[in-house]
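Working notes for the structure below.
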Amino acid sequence: MTTHPIATLPAYQRLKAAAKAALADSDYNGPLWIIDPAIAVAQYQALRAALPRARVHYAVKANPHPAILRALLRQGSDFEIASEQELDQLLALGVDPARILYSNPIKARRAIRYAYARGVRWFASDSVEETVKLAEEAPDAAQYLRLEVDNASSDYPLGVKFGLARAALPDVFAAARQHKVDLAGVHLHVGSQCRDAQAWNRAVDEVWPVMTLLAEAGFRPRLLNLGGGFPITYDKTAPDIAHIGTALSPRLASLPETCEVVVEPGRYMSGPAGLFICEVINVQRKHGKRWVYADAGMFSGLYELMDGFFYPLELNGETPGLPDAAILAGPTCDSCDVLCEAMPLPRHLREGDKLWFYHTGVYTQNLVTGFNGMPAPRVVVCEDN
Ligand SMILES: *Cc1c(COP(=O)(O)O)cnc(C)c1O
């Protein structure tokens with residue numbers, strides 16, 4: 001397995017110390033998650049330094065743990081939401097609704113009404129239907145258009161489900177004019193875990209002409225929303241945020257000052273802030289292959305392993321020994337609960353060994369289902385930050 005750069009950072013030592021303390025405090029009693037909000041804060045600061053032109057709206061779905069949200073709010077971060085519940089969480093923390101971006105392009109009418117009644121004024125659309133629905137339920141809100149952009153550089157593309165095709169722009173413009181909609185800008189997402197630093201530059205080049213078209217059509221475009229996709233380290237190389245900043249900043253600096261630039265990072269902000277620990281409960285050979293069963297699987301939040309996201313691994317809190325391919329499976333009775341068909345796991349794994357998965361602060365905890373009565377992993381928050 002790779003040793004990842006965070007191993008050299010103090011934040012890594014904090015996660016590790018917290019994990020050791022949690023395991024020493026009580027006997028291991030099922031999977032646990034160590035969450036360190038200070039790491040999310042450090043990520044936020046690094047992103048701000050790399051992209052000073054962009055305002056940061058943390059994508060709440062990435063990790064909605066209140067300790068993470070609170071820590072980011074204290075730093076001055078803004079937020080991006082996709083549902084009423086995410087909005088409620090932010091309002092409970094005192095976030096100003098006027099600063100929230102509701103960027104899910106597909107919203108129930110009741111969700112729009114709910115958010116609008118509570119003061120949300122910025123909504124995404126990627127269709128005529130959504131633009132009209134928003135006009136009816138959120139009459140004087142600003143809308144930004146989620147546009148189709150290339151997602152080829154990302155490990156988790158989003159471009160098929162979302163994004164308005166250029167050919168549909170005239171219809172949206174016409175609907176917006178008819179309903180007196182404030183079309184305020186454009187929105188894109190290059191796909192999650194984007195590993196090409198130039199992808200955002202290309203995306204800006206793709207969408208900027210639409211800003212011009214909006215102005216020519218009599219609208220008042222003033223928001224360029226670059227979405228998320230900023231990568232963290234798994235097993236494949238990914239550019240660091242400073243590198244992305246160097247690549248993107250000149251392009252952003254060339255934009256008129258009246259244009260507000262925002263980013264909506266999720267994975268980058270909270271991914272490194274989590275460490276997940278689970279236990280090997282069975283190692284066996286079956287059909288000529290080594291099977292490793294853990295007490296956590298796809299229903300315990302390790303869902304992204306199935307998409308090929310290999311979390312940096314330690315064995316019992318130490319560098320793992322030489323790896324050999326194994327099938328890693330979860331504990332439930334569902335045959336789809338197989339996390340990886342060929343995972344490089346230490347050769348000498350035994351029942352009782354603990355798998356320490358780093359960079360598991362994102363798209364994990366909030367995917368736990370409790371299927372088969374498996375207990376939700378215990379969450380331990382590092383408090384002193
Ligand atoms: C999920 C999502 C994000 C965050 O994406 P990451 O790849 O985790 O950075 C940002 N914006 C929108 C609209 C999203 O749906």
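The values are calculated or read from the model by the stated rules, or taken from the named source; none is laboratory data. None of these values were measured; they are calculated from a predicted model. Virtual Cβ from ideal backbone geometry, glycine too; neighbours counted across all protein chains shown. Just the protein is used for accessible areas: all its heavy atoms, side chains included, with ligands, DNA and RNA removed. Shrake-Rupley method; radii C 1.70, N 1.55, O 1.52, S 1.80 Å.
May I ask you to verify whether residue 362 is modelled with pLDDT of 90 or more and surrounded by 20 or more Cβ atoms within 10 Å (Cβ to Cβ)? Against the criterion (modelled with pLDDT of 90 or more and surrounded by 20 or more Cβ atoms within 10 Å (Cβ to Cβ)), residue 362 qualifies.
How many residues are small (Gly, Ala, Ser), more than 10 Å from the ligand (Cβ to nearest atom) and touching a residue at least 12 places away in the same chain (Cβ under 8 Å) if we restrict to the range 221-261? Looking only at that region, the number is 6. Residues of the range 28-44 that are assigned to a strand (DSSP E or B) and of a type in the set (Val, Ile, Thr): 34, 35. Taken together, the residues in the range 18-70 that are small (Gly, Ala, Ser), touching a strand residue (DSSP E or B) at 6+ places or on another chain (Cβ under 6 Å), within 16 Å of the ligand (Cβ to nearest atom) and under 28 Å from residue 278 (Cα atoms) amount to 1.
Counting only residues that are more than 16 Å from the ligand (Cβ to nearest atom) and open to solvent by 10 Å² or more (accessible area, probe 1.4 Å), the range 125-150 holds 9 of them.
Taking (1) under 30 Å from residue 82 (Cβ atoms); (2) open to solvent by 50 Å² or more (accessible area, probe 1.4 Å); (3) modelled with pLDDT of 95 or more in turn, residue 281 satisfies each apart from (1). The strands (runs of 3 or more DSSP E) falling completely within the range 289-359 that include 2 or more residues that are without any contact (Cβ under 8 Å) to a residue 24 or more places away in the chain and not aromatic (Phe, Trp, Tyr) map to 338-346. Considering the range 262-289, and only residues there that are away from the ligand (no atom under 16 Å from the Cβ) and among the aliphatic types (A, V, I, L, M), the residue that is nearest to the chain's Cα centre (by Cα) turns out to be 275.
Regarding residue 200, is this residue within 16 Å of the ligand (Cβ to nearest atom), assigned to a helix (DSSP H, G or I) and modelled with pLDDT of 95 or more? Here the answer is yes, as residue 200 does meet what is asked. Among the residues of the range 101-124, the ones that are part of a loop (DSSP other than H, G, I, E, B), open to solvent by 10 Å² or more (accessible area, probe 1.4 Å) and more than 14 Å from the ligand (Cβ to nearest atom) come to 4 in all.
The C-beta contact set for the range 134-159 (first residue under 14 Å from residue 184 (Cα atoms), second residue acidic (Asp, Glu) and more than 11 Å from the ligand (Cβ to nearest atom), distance under 9 angstrom, 6+ apart or interchain) comprises 140/182; 141/182; 142/182; 143/130; 143/182; 147/206. So, in the range 191-236, exactly how many residues are in contact with a Lys or Arg (Cβ under 7 Å, 6 or more places away or on another chain), among the β-branched types (Val, Ile, Thr) and farther than 26 Å from residue 361 by Cβ? Total meeting the criteria: 1. Looking at this structure, is residue 191 within 12 Å of the ligand (Cβ to nearest atom), open to solvent by less than 80 Å² (accessible area, probe 1.4 Å), of a type in the set (Gly, Ala, Ser) and modelled with pLDDT of 95 or more? Taking the combined requirement at face value, the residue satisfies it.
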